[in-house]
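Q: Let me give you the structure first, and then I'll get to my questions.
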Amino acid sequence: MRVVRPPRRGAPGPLARLLRRAHPLGVLLLVSVLTSPVAACGGGGSSADRAPTGAGAVLQVPGSYGSIQRAVDSARPGDLVLVHPGVYRESVTVRTPRVVLRGTDRQGVVIDGEFRRANGITVTGAQSVVENLTVRRQLANGVLFTGVTEERLQGRGAGGGAGYDPLDTVKFPPLEGFRASYVTAYDNALYGIYAFDARAGVIEHSYTSGQADSGIYVGQCRPCDTVVRANEAEHNAVGIEVTNASERLYLLGNRARHNRVGVTVNSNDVEALTPQHGAVLAGNVIADNAEPATPEQADGGFGIGLGIGGGTGNLVTRNLISGHPAVGILVTDVQGHPAKDNRLLGNAFAANGADTALAAPAGTGNCFVDPAAPESCLTVPTAGPAVAVPPGVSFRELPAAPPRPGLPDPATAPAAPAVGLPGPVDQAAYPLPAGPDGPAGL
């Protein structure tokens, strides 16, 4: 294990710099101002256009509805909104519970923000689903799942820091049940797939690239009861980010490569439910996260695989962590929250500036398990090699996402609302990946 140099006295460490970001509620307020559905040509549909199935109806776009929003507004719980190939220049809000919004072609069904609209898809209807489509070029997020509706935001101020009252999670309860499957989100100004104030969900088989903040973000839930599995995050500022998301949260079999920072697990006082604790990260590939051709986050880090900032009691196991010029895993306190009692065992490291490091100050009880002595904890030096941070690239200038496999039989598969998620979770089923092109679940 290499000895690495601590940050300069008085200067923020790489993870602390990384954590200074836009406040999520401010993002949601921006959404309420900027999001307005843009109707395409065609009629609004009627009950006669509803093709019945055993569990619900299939609402065809554009066959029976001139826009996705019109179909979604007509949907009832249990219905499937089936969208055929085309570029849809609109923002979509799913308010009805248990609606499945599905594209018939993952690459061919595109919701395009044209760098003009805030969100591609906002879901506030419990147990609703977004699957098998592409969302791109939004001024905020590709897909947002949240219990914070536009109506609830009225009269609340945006901001952060000491002047902001974090969201009251009793007054504003989380969205109960959500799923994103086979979604591609690229070149969005904040997050690709964003679950905030939402729980009992799954994000799976999705691809995110070119986000100016994070490809996938899970924030402010306790207990989360959420699984993020078999996703790819590339060419983002941060691949996958967790903030104030705790208890029964699993990141399993994902691949975070060629971002500026691979994965972060944070506590942050400008959101509710601090401190973050009790997440499991298993069977992930976190590799080569030192890509200059990515959006540069304000004061962001670079060349870090996994950063734990103020997180507590997390398990990091059987992950492949390689190719980071700064450090593979960095653990540090942030904002008065000690990073403590995190357990890191059974991970594989290669070609990192340092495999693991504690950045002073850091809390107690963090255990870096030596593979040769699995019952012992290594003492890790407080250090981090100096790494130059290259200038970034605008999210507007990054290339389109590559094709990815779609949902099998999208035109005929029955709708499956996000009921009873995430179901049984066996983190032991996610082994250590054999190489950076893994894991096999993708």
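Read-outs throughout are calculated quantities, based only on the coordinates presented, and are distinct from any laboratory measurement. Note that the structure is predicted; figures quoted are calculated from it, not measured. Cβ: placed from backbone, ideal geometry, glycine included. Neighbour counts: every protein chain shown.
Q: Assuming a ≥ b ≥ c are the square roots of the Cα gyration tensor eigenvalues, decide whether segment 236-372 counts as rounded (a/c under 1.5), prolate (otherwise, with a/b larger than b/c) or oblate.
A: It comes out rounded by the Cα gyration axes.
Q: What share of the DSSP beta bridges in segment 278-358 is antiparallel, in percent to the nearest 5?
A: In segment 278-358, DSSP labels about 5 percent of beta bridges as antiparallel.
Q: Follow-up. Sort segment 84-142 into rounded, prolate or oblate with this rule: let a ≥ b ≥ c be the square roots of the eigenvalues of the Cα gyration tensor; rounded if a/c is under 1.5, and if a/c is not under 1.5, prolate when a/b is larger than b/c, oblate otherwise.
A: oblate
Q: How do Ser91, Ser206, Ser394 rank when sorted from fewest to most other Cβ atoms within 10 Å of their own Cβ?
A: Final ranking by Cβ density, sparse to dense: Ser394, Ser91, Ser206.
Q: Using Cβ counts within 10 Å as a stand-in for footprinting exposure, how do Phe302, Phe115 rank, fewest first?
A: So the ranking, lowest neighbour count to highest, is Phe115, Phe302.
Q: For the ranges 279-288, 223-232, what's the packing order if you count other beta-carbon atoms within 10 Å of each residue, average per peptide, and put the highest first?
A: Answer by packing, highest mean first, reads 279-288, 223-232.
Q: Follow-up. State the Cα centre-to-centre distance between segment 184-208 and segment 92-108 in whole Å.
A: If you average the Cα positions of each part, the centres end up 14 Å apart.
Q: Additional query: Which residues does a label at Val419 reach in segment 166-185, if reach means a backbone N under 15 Å from a point 7 Å past the Cα toward the Cβ?
A: Zone members listed by number: 177-179.
Q: While we're on this one: What is the gain in length, in nm to one decimal, between Arg89 and Thr412 on full extension, counting 0.36 nm per residue of separation less the C-alpha to C-alpha distance?
A: Contour length minus Cα-Cα distance gives 113.7 nm.
Q: Testing the spin-label approximation: label points 7 Å from Cα along Cα→Cβ at Glu397 and Ala429. State their distance in nm.
A: Result for the modelled spin labels: 4.4 nm.
Q: Going by C-beta contacts inside 10 Å, put Asp73, Asp197 in order with the fewest on the left.
A: Going from least to most buried by this count: Asp73, Asp197.
Q: What is the diffusion coefficient of segment 205-248 in µm²/s, taking the Kirkwood radius over Cα pairs and the Stokes-Einstein relation at 4 °C with a viscosity of 1.567 mPa s?
A: 120 µm²/s
Q: Assuming a ≥ b ≥ c are the square roots of the Cα gyration tensor eigenvalues, decide whether segment 220-287 counts as rounded (a/c under 1.5), prolate (otherwise, with a/b larger than b/c) or oblate.
A: Cα axes put segment 220-287 in the oblate bin.
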